[in-house]
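J.: Can you keep this structure in mind? I'll have questions shortly.
The values are calculated or read from the model by the stated rules, or taken from the named source; none is laboratory data. Everything quoted here is computed from the prediction, not taken from an experiment. All Cβ positions, glycine included, derive from the backbone under ideal geometry; neighbour counts span all protein chains shown. What goes into the accessible areas is simple: the full protein's heavy atoms, side chains included, and nothing from ligands, DNA or RNA. Shrake-Rupley method; radii C 1.70, N 1.55, O 1.52, S 1.80 Å.
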Amino acid sequence: MGLIFLAATVFVLPMPLFEVFSGIAGQGAVTLFVLGVCLLTVGLGLVAVGLHKRSRNLRTARTYDTREPSASDEDRPVNPHALPNTYGALPPMG
């Protein structure tokens, strides 16, 4: 979401930014400037939070005790080198 807000900032902020700092801004340009600054602030905040959560997740050691269970755990064979279960498929004729 943060990258979407930052992308929107690229389209909303440049022209009002120029008009506000050159002193020729009207009411609409000031409104777009405030909207662009808000989009920039929220976008940077969301990117920072996402990067922080991602780095925290990468620093956590993965073990069988800490991983989240998935729906396919019951289908997983005890021996990973064993042939997969055919689930009722007919064996090849021959």
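J.: Give me the net charge of Gly2's neighbourhood, meaning all other residues with Cβ under 13 Å from the Cβ of Gly2; Lys, Arg count +1, Asp, Glu -1.
T.: Here the charged neighbours net out to +2.
J.: With every protein chain in place, what's the accessible area of Phe18 (1.4 Å probe, Å², nearest 10)?
T.: Here the residue's solvent-accessible area equals roughly 130 Å².
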